[in-house]
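Before any comments, here is the structure.
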Amino acid sequence: MIKAVTGTKDILPDEIPAWKLVEKTIERIFHNFNYKEIRTPVFEETSLFARGIGEETDIVGKEMYSFTDRSENNITLKPEMTASVVRAFIEHSLGKQQSLNKLYYVSPMFRQERPQAGRLRQFHQFGAEALGSTSVYLDVEMIQMAFEILKELGLKDLNVKINSLGTPESRNAYKEKLRKFLIDKKNKLSEDSRKRFDKNILRIFDSKDENDKKIMKDAPLLLDHLDSESKESFEIVKETLKLSGIPFEVDPYLVRGLDYYTKTTFEIISGKVGSQNALCGGGRYDLLAEHLEGEPTPGVGFAAGIERILLACENEKSLKSPEENIDLFITRLDDELSQKVFEIALNFRRKNLSVDCDYLDRSLKAQMREANKLKAKYVLFIGGDEYKSGMANLKNMESGEQKLVQIDKLDEVLLSQK
Ligand code: AMP
């Protein structure tokens with residue numbers, strides 16, 4: 001039997017109400033902050049991600065779904081969205097039409113990671129990117145939007161972590177200090193960290209190896225080596241978060257290892273989803289547009305994983321997705337009336353009522369069972385003597401009240417209840 005590919009997941013009809021609720025919440029909150037939706041293709045040229053995310057990252061180095069198509073193009077299924085959004089921003093000169101572009105997206109992403117709870121190979125992210133301003137209030141806005149969405153979904157066990165990465169200049173000076181600190185400890189580091197020592201030293205802070213962690217505890221911290229401008233904006237981030245009533249902690253170990261990340265970086269962690277506990281992450285990337293050969297354009301953004309958020313919602317029992325039901329179920333007392341039932345159904349479907357009827361030649365009892373299962377608000381009984389005189393019984397399933405109505409006046413009765 002052919003099954004879904006490892007690490008991919010069908011989203012079955014029962015799960016859709018929760019997804020829709022999440023999607024509606026995302027749309028509403030982004031609209032409240034005046035962000036406009038952008039959609040980009042599912043695949044891009046591989047070089048975009050190699051450049052936009054960085055060759056040394058796990059995503060580019062190990063996890064991308066890359067292939068050569070029949071025209072020998074190097075293609076990659078997008079593993080994240082920032083590079084695609086910035087590519088589209090540059091390609092369509094969005095910065096010329098508007099000095100600040102506030103954009104959001106919801107999209108599937110693809111990474112060949114080892115599947116486990118909360119970690120898939122096709123998953124869905126939503127997120128935002130604000131391109132065109134260095135305002136620190138946009139940094140805070142990212143955290144506010146992510147936090148509001150999670151809060152609206154009923155999540156309580158949230159931990160907002162923030163840090164500042166400074167400017168590339170202050171970071172380079174700091175990296176030199178870190179190198180000096182680690183040089184005589186290099187041999188004690190794990191193999192991965194030894195590699196990072198040469199390629200991307202900051203990422204040694206991300207190591208899960210216990211011994212590495214012990215060594216890094218005494219390492220100098222980037223946060224203590226910030227330039228004055230970054231320090232000032234970090235103070236504003238903290239103050240504004242406090243004023244917004246968003247609890248947070250400063251985590252000096254939260255690093256993003258790439259040179260075009262600048263200043264604010266953040267993550268929101270859930271206490272309820274096991275080891276894959278980061279619900280969202282983001283930060284400022286003032287040098288990325290230039291790096292992708294666009295006009296220098298400051299940017300800041302975040303991305304959040306929908307599957308992981310739904311897992312947290314399930315574990316916190318926080319989501320009350322609305323029940324799906326239908327307006328009307330039409331039962332047929334007599335087989336010859338199938339066509340009539342079908343006609344009445346279409347009439348109401350055209351008037352935006354949600355209507356269903358029987359297609360399985362079921363008994364009246366079985367049709368009623370079906371109507372109950374579908375949580376129909378009304379059931380209409382077509383047939384019998386009343387039908388011969390142009391009438392039918394309409395039952396209000398909530399109150400149990402049943403009344404005889406004229407079939408050609410049904411419109412009035414039903415639409416007035418809508
Ligand atoms: P990143 O782009 O790696 O910063 O990830 C942003 C968010 O996307 C994470 O916090 C997760 O919620 C989600 N995410 C990342 N990778 C996966 C994955 N393989 N499966 C499910 N969700 C993921």
Pick from the stretch 259-271, criterion surrounded by fewer than 21 Cβ atoms within 10 Å (Cβ to Cβ) and part of a loop (DSSP other than H, G, I, E, B), ranking: modelled with the highest pLDDT
Gly271
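Specify the residue that is surrounded by the fewest Cβ atoms within 10 Å (Cβ to Cβ); the eligible residues are those in the stretch 300-345 that are small (Gly, Ala, Ser) and within 15 Å of the ligand (Cβ to nearest atom). Please lay out each step first, then the result.
Looking only at the stretch 300-345, we keep the residues that are small (Gly, Ala, Ser), and these are 301, 303-305, 312, 318, 321, 338, 345.
Retained after the next criterion (residues that are within 15 Å of the ligand (Cβ to nearest atom)): 301, 303-305, 312.
Values: Gly301: 25, Ala303: 19, Ala304: 23, Gly305: 23, Ala312: 28.
Applying the filter and picking the extreme gives Ala303.
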Hey, among the residues in the stretch 33-53 that are closer than 28 Å to Met145 by Cα and free of Cβ contacts under 8 Å to residues at least 40 places away in the same chain, which one's surrounded by the most Cβ atoms within 10 Å (Cβ to Cβ)?
Phe49
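In this structure, is Lys62 away from the ligand (no atom under 16 Å from the Cβ), exposed (fewer than 14 other Cβ atoms within 10 Å of the Cβ) and outside any strand (DSSP E or B)? Let's see the steps before the verdict.
Numbers: away from the ligand (no atom under 16 Å from the Cβ): no; exposed (fewer than 14 other Cβ atoms within 10 Å of the Cβ): yes; outside any strand (DSSP E or B): yes.
In short, no.
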Here's a check for you: in the stretch 80-102, which residue that is among the hydrophobic types (A, V, I, L, M, F, W, C) and more than 14 Å from the chain's Cα centre (by Cα) is nearest to the ligand (Cβ to nearest atom)?
Ala83
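Might you check whether a residue that is closer than 20 Å to Gly301 by Cα, within 16 Å of the ligand (Cβ to nearest atom) and modelled with pLDDT of 95 or more occurs anywhere in the stretch 69-79?
Within the stretch 69-79 (the criterion being closer than 20 Å to Gly301 by Cα, within 16 Å of the ligand (Cβ to nearest atom) and modelled with pLDDT of 95 or more), the answer is yes, since at least one residue qualifies.
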Which condition breaks for Val106 when tested against (1) more than 22 Å from Gly294 (Cα to Cα); (2) more than 10 Å from the ligand (Cβ to nearest atom); (3) in a strand (DSSP E or B); (4) free of Cβ contacts under 8 Å to residues at least 60 places away in the same chain?
(4)
Checked pairs for the stretch 119-143, first away from the ligand (no atom under 16 Å from the Cβ), second part of a helix (DSSP H, G or I) and among the hydroxyl-bearing types (Ser, Thr, Tyr), C-beta under 7 Å and 6 or more apart or across chains, list as Val136/Ser233; Tyr137/Thr240; Val140/Thr240
Of the conditions (1) in contact with a Leu (Cβ under 7 Å, 6 or more places away or on another chain); (2) on the phi > 0 side of the Ramachandran plot, Asn34 fails just one. Which one is it?
(1)
Looking at Gly154 and the list (1) more than 19 Å from the chain's Cα centre (by Cα); (2) surrounded by fewer than 16 Cβ atoms within 10 Å (Cβ to Cβ); (3) of a type outside the set (Lys, Arg), which single condition is not satisfied?
(1)
Going through the stretch 53-68 one residue at a time, which ones are at pLDDT below 95 and over 24 Å from the mean Cα position of the chain (by Cα)?
Glu55, Glu56
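Could you check the stretch 287-377 for helices (runs of 4 or more DSSP H) lying wholly inside it with 2 or more residues that are polar (S, T, N, Q) and more than 30 Å from Val160 (Cα to Cα)?
Numbers: elements: 288-291, 306-316, 338-349, 364-373.
Output list reads 338-349, 364-373.
Which count do you get for residues in the stretch 17-33 that are farther than 25 Å from Glu113 by Cβ and either outside any loop (DSSP other than H, G, I, E, B) or within 15 Å of the ligand (Cβ to nearest atom) (or both)? Don't jump to the end; show me each part of the working.
In the first step, residues of the stretch 17-33 are kept if they are farther than 25 Å from Glu113 by Cβ; the result is 17, 20-21, 24-25, 27-33.
Going one step further and asking which of them are either outside any loop (DSSP other than H, G, I, E, B) or within 15 Å of the ligand (Cβ to nearest atom) (or both), we end up with 17, 20-21, 24-25, 27-32.
Of the residues in the stretch 17-33, 11 are farther than 25 Å from Glu113 by Cβ and either outside any loop (DSSP other than H, G, I, E, B) or within 15 Å of the ligand (Cβ to nearest atom) (or both).
Given the condition of a type in the set (A, V, I, L, M, F, W, C) and assigned to a helix (DSSP H, G or I), answer yes or no: does some residue in the stretch 74-85 qualify?
Checking the stretch 74-85: at least one residue is of a type in the set (A, V, I, L, M, F, W, C) and assigned to a helix (DSSP H, G or I).
For Ala278, state whether it is surrounded by fewer than 18 Cβ atoms within 10 Å (Cβ to Cβ) and not charged (D, E, K, R).
Details: surrounded by fewer than 18 Cβ atoms within 10 Å (Cβ to Cβ): yes; not charged (D, E, K, R): yes.
In short, yes.
The values are calculated or read from the model by the stated rules, or taken from the named source; none is laboratory data. The structure displayed is predicted, hence computed values, not measured ones. Cβ coordinates were reconstructed from backbone atoms using ideal geometry, including for glycine residues, and neighbour counts include every protein chain displayed.
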